[in-house]
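Working notes, beginning with the structure itself.
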Amino acid sequence: MESHALQPSLPRLNEPAPDFEAVSTQGTIKLSNYRGKWVVLFSHPADFTPVCTTELTEFARRQPDFKKADAQLIGLSVDSVYSHIAWIRNMEQHFGVKIDYPLVADLDTKVSELYGMIHPGASSTATVRCVFVIDDEGLVRAMVYYPMTNGRNVDEILRVLQALQLNKSKGVATPEGWRPGQKVIVPAPVTVPAAEDRVKDPNVEITDWYFGKRAA
């Protein structure tokens, strides 16, 4: 019989994000210390690589938007903190942006393994492009995995964060392509009386009993 090594349990939606303490370019950080604000944790395959450079510089340019949403950016790869520092200085020199969010130096891969960031089919050592959106209570609200060859869209990550925050605060859903300020979807009724009331609701733009929109 084949023996299979036990795989660690990976994060799941709406469950607690695995806590960790790690060395970063902003000193030692602990995930649970950010409780009370949202966190966008993202990994990149390697320092001094072109696709990753485009991503980290764009995260830096959009950092004011993440701060406005009360969200903390945290980057990660298995490179050393010295490599991170050298790369940060290089990006500031060549692209005119300052990376002032922490980059975790996950040399022992402990955080990468907690979050399932290393996929042997893609690389035996480098982290693939993962994004975890963690809410202010420490719960995983979204996660996306990208291949090493394709850069992420930072604007889309911000959009998802904003949609999740609206969902949590107001109990609504957002349609395809939703942007802040646009109408949101009201959850469908689950009883016949509620469906009858829904179609009479003057505050909801009704298409049918199960499909209604309103201002956020």
Asp106 being on the phi > 0 side of the Ramachandran plot and either small (Gly, Ala, Ser) or assigned by TED's automatic domain parsing to the domain that holds Val128 (or both): no
Unique match (being within 24 Å of Ala163 (Cβ to Cβ), of a type outside the set (D, E, K, R) and assigned by TED's automatic domain parsing to the domain that holds Glu113) among Ala60, Ala46: Ala60
Filter result (part of a strand (DSSP E or B), surrounded by 14 or more Cβ atoms within 10 Å (Cβ to Cβ) and of a type in the set (Val, Ile, Thr)) within segment 170-216: Val184, Ile185, Ile206
All positions within segment 32-51 that are more than 14 Å from the chain's Cα centre (by Cα) and in contact (Cβ under 8 Å) with a residue 24 or more places away in the chain: Ser32, Tyr34, Arg35, Gly36, Pro45, Ala46, Asp47, Phe48, Val51
Whichever residue in segment 41-80 is β-branched (Val, Ile, Thr) and within 21 Å of Pro18 (Cβ to Cβ) and, among such residues, is surrounded by the most Cβ atoms within 10 Å (Cβ to Cβ): Val78
Residue in segment 195-203 that is under 24 Å from the mean Cα position of the chain (by Cα) and not aromatic (Phe, Trp, Tyr) present: no
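The values are calculated or read from the model by the stated rules, or taken from the named source; none is laboratory data. Remember, it's a predicted structure, so these values are computed and weren't measured experimentally. Cβ coordinates were reconstructed from backbone atoms using ideal geometry, including for glycine residues, and neighbour counts include every protein chain displayed.
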